[in-house]
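Inspection log for the structure reproduced underneath, given as structure tokens.
The values are calculated or read from the model by the stated rules, or taken from the named source; none is laboratory data. The structure displayed is predicted, hence computed values, not measured ones. As a convention, Cβ positions derive from the backbone with ideal geometry for all residues, glycine included, and neighbour counts pool all protein chains shown.
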């Protein structure tokens, strides 16, 4: 994730830690060898994807050129 976002690994960890503090629940289950999303993490991810989709739809709708002329 850090490489994809052009951030350091510690910056991504800090963002995730603050997000977990905001929601008041762990979003990832960490072990020494693996990392997996908790059920709450999966729920938040679904909301995040829906918000991004809505944002794309709103921008696409508002960016359309208005129609000029007469329809007969």
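Is there a residue in the stretch 33-49 that is part of a loop (DSSP other than H, G, I, E, B) and surrounded by fewer than 10 Cβ atoms within 10 Å (Cβ to Cβ)? Yes; the residues of the stretch 33-49 include at least one that is part of a loop (DSSP other than H, G, I, E, B) and surrounded by fewer than 10 Cβ atoms within 10 Å (Cβ to Cβ). Within the set 49, 72, 43, 33, the sole residue that is at pLDDT 95 or above and over 11 Å from the mean Cα position of the chain (by Cα) turns out to be 43.
Take the stretch 2-17 and flag every residue that is surrounded by 10 or more Cβ atoms within 10 Å (Cβ to Cβ) and assigned to a helix (DSSP H, G or I). Within the stretch 2-17, 2, 5, 9, 11, 12, 13, 14, 15, 16, 17 qualify.
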